[in-house]
Ligand code: A3P
């Protein structure tokens, strides 16, 4: 399929959810001090954080995750829906964004709003994104897995190069307004991850509340929740018969997709892009 992506400050955005108006709205958006942004490169655990964040902020009240679709519950800063639902958001507001740091609105920088940056092993991001491009009819077809790896390395994919995204947010000078977490850490011990998130946003949750939130944010529970699994999106946009949005939910699926040659090529390209950076990745690349 041929899809015309929106070009915005050097990155590509899909036209279904974004428009020049929505991007202008994001630029002028008035961030509040109590806002918490979940920040991700696509396929790093966005909707997972979308599920967790309101439950942490509201102390474990399950009402929103059963009554409001995820995209309206914790809307994307850059997407069209934000303007339509902004007045319904309860304070403190949870928001998500795929923006690199330098595209955050001026009001974010002048506020005390917090950001949770979720990182995922880029090899698993490529795999997840590849399957997502097959099911998401509003995106370009991915081509072969090998072709898709090349596009990913070159940054000719949604929201640009993964390494640029990581560099921008790892280099963000936000002090204690930012917390870094990995998808892998969440897979390994979700209650511990939720505890870290609740400490970061200043919610003192009981052990019982944390366990309850973890249960409702498990892969299986989210997969069965229509408000979280994207089944409300018409099939002509997202065809879950091809591949469900909540596909596997594991760390390390790349081992089932990469050849040794692809792994070597991928690792060397990513390492080269990150050469000289002062941060280290939380996992080894190979
Ligand atoms: P897979 O395709 O590897 O299964 P995003 O929300 O940023 O688009 O990321 C989607 C990825 O997060 C998918 O990865 C999806 O299955 C995974 N995911 C979503 N909710 C999850 C959960 N509760 N537990 C584990 N993985 C989850």
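All of the numbers you see were taken from the coordinates with simple rules; none came from a lab. Source: prediction; values computed, not measured. Glycine also receives a Cβ, built like all others from the backbone with ideal geometry; neighbour counts cover every protein chain displayed.
Normalised by residue number, the volume inside the convex hull of the Cα atoms of the range 177-286 is 166 Å³ per residue.
Set the Förster distance to 41 Å, then compute FRET efficiency between residue 215 and residue 154 from the Cβ-Cβ distance, nearest 0.05. Don't skip to the end; give the middle numbers.
Numbers: r = 41 Å, r/R0 = 0.99.
Using R0 = 41 Å, I get an efficiency of 0.50.
Computed from Cα atoms, the angle from the helix 145-154 axis to the main principal axis of the chain rounds to 70 degrees. If you fit an axis through the alpha-carbon atoms of helix 207-216 and take the longest principal axis of the Cα set of the chain, what angle between them do you get, 0 to 90°, nearest 10? In the chain, helix 207-216 runs at an angle near 50 degrees to the longest axis. Using only helices, what value at 222 nm comes out for the chain when you add -39,500 (n - 2.57) per DSSP H run of length 4 or more and divide by the total residues, to the nearest 500 deg cm²/dmol? The helix-only estimate for the chain comes to -11500 deg cm²/dmol at 222 nm. Between residue 257 and residue 235, the modelled label-to-label distance comes to 2.5 nm, taking each label 7 Å out from Cα in the direction of the beta carbon.
Rank these for me by crowding, 61, 87, going from fewest to most other beta carbons within 10 Å. Mind dumping the intermediate values first?
Working: 61 11, 87 6.
Lowest to highest Cβ neighbour count: 87, 61.
For the range 41-69, the residues whose backbone nitrogen is under 20 Å from a point 7 Å from the Cα of residue 274, taken along Cα to Cβ, are 41-46. Assign one of three labels to the range 87-241, namely rounded, prolate or oblate, based on the Cα gyration tensor with a ≥ b ≥ c the square roots of its eigenvalues; rounded applies when a/c is under 1.5, prolate when it is not and a/b is larger than b/c, and oblate otherwise. The shape class here is oblate. Among 223, 114, a tally of other beta-carbon atoms within 10 Å of each Cβ gives an order, fewest to most, of 223, 114. Seen against the Cα atoms of the chain and their longest principal axis, helix 190-200 is set at about 60 degrees. Taking springs between alpha-carbon atoms closer than 10 angstrom, which of 126, 250, 74 fluctuates most in the Gaussian network model of the chain? Checking each option, the largest mean-square fluctuation is seen for 250. Here the calculated FRET efficiency for residue 63 and residue 264, from their Cβ-Cβ distance with R0 = 45 Å, stands at 0.35, rounded to the nearest 0.05.
When N counts the residues of the range 104-148, how does its alpha-carbon radius of gyration compare numerically with 2.2 N^0.38 Å, as a ratio?
Numbers: Rg = 16.0 Å, N = 45, 2.2 N^0.38 = 9.3 Å.
So the Cα radius of gyration is 1.72 times the expected 2.2 N^0.38 Å.
Share of antiparallel DSSP beta bridges in the range 1-117, in percent to the nearest 5? The antiparallel fraction comes to roughly 25 percent. Whole angstrom only: what separates the Cα centroid of the range 206-273 from the Cα centroid of the range 67-112? Answer, in whole Å: 22.
Label-to-label distance, residue 145 versus residue 226, with points set 7 angstrom from Cα along the beta-carbon direction: 3.4 nm.
Looking at the chain only, what percent of DSSP beta bridges run antiparallel? Nearest 5 please.
Numbers: 4 of 20 bridges.
Here the share of antiparallel DSSP bridges comes out near 20 percent.
Translational diffusion coefficient of the range 122-191 at 20 °C, 1.002 mPa s, Stokes-Einstein with Kirkwood Rh over Cα pairs, in µm²/s as a whole number. Value of D from the Cα-based Kirkwood radius: 153 µm²/s.
Rounded, prolate or oblate: which fits the range 57-104, taking a ≥ b ≥ c as square roots of the Cα gyration tensor eigenvalues, rounded meaning a/c under 1.5, else prolate when a/b beats b/c? Don't jump to the answer; show the numbers that get you there.
Numbers: a/c = 2.21, a/b = 1.69, b/c = 1.30.
It is prolate, given that a/c is not under 1.5 and a/b is the larger ratio.
Legend: ranking of residues 270, 116 from fewest to most surrounding C-beta atoms inside 10 Å; resulting order 270, 116.
Scattering from the range 3-120 was approximated by placing one identical point on each alpha carbon and applying the Debye formula without solvent; log10 I(q)/I(0) at 0.16, 0.20 1/Å stands at -0.73, -1.16.
Per residue, the convex hull spanned by the Cα atoms of the chain measures out at 125 cubic angstrom.
Its Cα gyration tensor gives the range 48-171 an equivalent ellipsoid, and the semi-axes of that ellipsoid, as √(5λ) in whole Å with the largest first, are 28, 19, 14.
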